[in-house]
1. If we sort 154-165, 222-233 on the protection proxy, mean other Cβ atoms within 10 Å, highest first, what's the order?
2. Probe radius 1.4 Å, ligands and nucleic acids ignored: give me the carbon and sulfur share of the accessible area of the chain as a rounded percent.
3. Check which residues have an amide H placed less than 5 Å from residue 497's amide H, if you skip close sequence neighbours.
4. Please give every one of the aspartates and glutamates within straight-line cross-link reach of residue 178, meaning a C-alpha to C-alpha distance under 13 Å, and leave out same-chain neighbours fewer than 8 residues apart.
5. Please turn the phi angles of segment 67-72 into ³J(HN,Hα) values with the Karplus equation 6.51 cos²θ - 1.76 cosθ + 1.60 (θ = phi - 60°), one per residue in order, whole Hz, x for glycine and proline.
6. Give the cross-link partners of residue 51 among the aspartates and glutamates, using a straight C-alpha distance below 18 Å as the criterion and excluding same-chain residues fewer than 8 apart.
7. Along the principal axes of its C-alpha atoms, what lengths does segment 1-136 span, in descending order and rounded to whole Å?
8. Past 23 Å, Cα to Cα: identify those pairs from 23/479; 430/450; 460/552; 47/124, in the order given.
Amino acid sequence: MCGIVGYTGRGPAAGVLLDGLEKLEYRGYDSAGMAVFGEDGAVRMVKATGKLRNLAGKIAQGRALPGACGIGHTRWATHGEPNAKNAHPHVSGVYDGNVSDYSAESVIGVHNGIIENYEELREKLGRHGYVFYSDTDTEVAIKMVDYYYRKYKIGPIDAINRMMVRVRGSYALALMFKDYPGEIYAARKDSPMIIGIADGEAFLASDVTALLSHTRSVYYIGNLQAARLLPGEVHFFDLNGDEITIPLSKVTWDAEGAGKNGYEHFMMKEIHEQPDAVRATLGSILKEDANRPPVAKWSFGEGNIDFSGSELEDAFLKGIGNVTLVACGSAWHVGMAAQYLIEDLAEIPVRVEMASEYRYRKILPAENSLVIVISQSGETADSLEALRISKEKGIRTLGIVNVEGSSIAREADRKLYTKAGPEIAVATTKAFTSQLVLIYAFAVKLAFVKNRIREDEYRKFIQELKSLPDKLFSMLAEKGRIQWLAAKYAGARDAFFIGRGADYAVSLEGSLKLKEVSYIHSEAYAAGELKHGTISLIEKNMPVIGVLTQKKLMEKTVSNLKECKTRGAYVIGITNTDDRALQECLDFVIRIPETDDHFAGLLAVVPLQLLGYYISVAKGLDVDKPRNLAKSVTVE
């Protein structure tokens with residue numbers, strides 16, 4: 001949620017800021033603004049509600065804000081309405097929308113996150129003469145920095161550190177001080193922030209995608225740390241004000257991955273990138289087996305799932321007695337699919353928890369437990385807190401993330417990386433399938449080292465995993481039929497998805513995709529639960545989508561679909577079998593390639609992604625930026 005960018009260097013800053021904010025539009029926002037130090041030392045600020053193009057128009061695409069140092073922000077409203085006075089940046093004095101020159105202000109800043117004790121701090125500052133013009137918690141944070149800066153006549157870093165000690169909550173802050181032209185100051189706690197460096201330039205952003213067109217050399221600032229950015233250099237400080245060293249990292253993502261590359265929407269581009277994302281993820285963990293001769297046709301190795309680079313040695317895996325998977329949204333659906341697979345193959349107890357609920361439960365650690373936290377961004381607030389609670393309880397943790405250097409990646413005891421590259425559309429596609437294939441591989445390896453499957457079964461499963469990218473690719477050629485189906489049901493008010501076992505997990509994801517991007521009310525149910533109340537909602541011509549890839553459960557799910565059809569539903573089936581009796585009971589059949597039932601969910605989810613996408617397009621909606629949603633949920 002929200003987006004931050006900052007730049008100091010050779011300029012012009014406004015153009016760099018606009019470019020960065022455009023890259024962050026996918027995160028969701030309702031207003032935007034920026035402030036720039038002019039060559040005369042004056043700070044000029046402009047805000048606009050609505051789309052970023054409104055801000056760009058106000059500043060003539062950046063030409064009306066000359067200068068080489070500035071900060072920008074796209075705001076997702078949490079405290080206060082989405083209007084100009086609540087938009088960022090905020091100032092330490094009184095905002096006047098009719099004035100553009102804010103050189104008299106001591107501090108100007110932007111903020112992502114939530115200041116939990118802002119009302120208490122607002123009262124304190126009010127007693128010291130501060131007047132508030134907005135409804136935001138951000139204004140309180142800016143004025144707290146100003147309070148310490150003025151009262152104690154200390155430098156920016158010391159003032160920021162005092163603020164960090166005083167406030168509770170999460171924040172990524174970028175600040176400019178009128179007494180320090182050409183410099184940007186930053187602070188972070190629990191909200192993502194990346195700082196980039198190049199020759200004579202320094203950048204900051206809340207997401208690495210905003211930096212890729214300018215630099216690949218980045219620093220990942222830690223919790224309760226502050227930074228000072230000058231052209232071409234960055235200095236980091238701990239909470240005591242002592243300068244510290246943070247290692248420089250290289251971003252390996254392809255900058256083109258953050259562009260549409262000819263597709264109309266990012267979501268469709270990312271659906272088509274799934275074969276490569278799954279292949280790259282497998283390639284990172286499938287290695288040549290030293291005990292077997294290499295086979296050239298497998299570019300990622302012949303015979304072994306190797307997690308040793310992630311400190312998941314065989315001895316560690318063998319000692320796992322139970323697993324809890326914790327995640328939010330689509331990542332939680334990955335956990336649901338993993339539960340069935342790990343229990344079936346590795347034969348150990350598995351729980352799946354929503355991170356937003358897990359963090360408020362009484363956690364009862366069991367011996368040899370492992371908590372797996374799944375998050376695309378590695379910054380999901382609830383998931384990050386669940387990780388920290390698990391560690392406090394002495395439970396071993398594993399993070400599955402797509403972003404190296406993210407908070408979950410840094411704080412988990414062990415980590416596995418998906419190789420999906422940048423995912424821009426709010427509705428996840430390739431990140432989901434990359435997580436799913438990685439958890440498939442984890443389950444197979446876990447079962448093998450615990451002697452629950454034989455070596456020949458282990459090898460067979462690896463071959464099945466290797467076949468998935470090509471099968472994904474072949475499915476995308478059949479999308480025309482799904483587009484026809486989407487046009488037929490774009491006007492639907494409600495839809496149901498049903499399945500059993502691992503198919504139920506896929507149904508959950510398919511239902512979420514539909515409601516996310518098309519705004520059609522959609523629900524997913526374990527098929528056997530329909531008769532316990534939900535079937536009363538079935539109406540004539542209502543689409544009911546059944547996922548039918550688990551052969552031992554298929555007959556029972558078909559029975560449930562027949563019950564729906566008898567009541568007038570239009571029944572759609574996604575299946576990996578050509579059983580004639582099955583197809584006769586379906587109004588529309590989507591065939592996926594044959595694969596082992598354990599892994600069929602990865603293929604079955606693709607037509608559901610396409611269905612949601614095409615319905616959204618048919619309705620003329622904003623596919624990549626659905627209303628009220630944000631890509632990375634970094635507040636509770």
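The values are calculated or read from the model by the stated rules, or taken from the named source; none is laboratory data. Bear in mind that the values here come from a model prediction, so they are computed numbers and not experimental data. Cβ coordinates were reconstructed from backbone atoms using ideal geometry, including for glycine residues, and neighbour counts include every protein chain displayed. When the accessible area is computed, the model is the full protein with side chains, heavy atoms only, and any ligands, DNA or RNA have been set aside. Shrake-Rupley method; radii C 1.70, N 1.55, O 1.52, S 1.80 Å.
1. Details: 154-165: 20.7, 222-233: 18.5.
Per-residue mean Cβ counts within 10 Å order the peptides as 154-165, 222-233.
2. 48
3. Counting only residues 5 or more places away or on other chains, the set is 523, 524, 525, 545.
4. Excluding near neighbours in sequence, the set is 39, 40, 101, 105, 146.
5. x, 10, 8, x, 10, x
6. In chain and number order, the partners are 19, 22, 25, 30, 81, 622, 624.
7. 41, 34, 25
8. Pairs exceeding 23 Å: 23/479; 430/450; 47/124.
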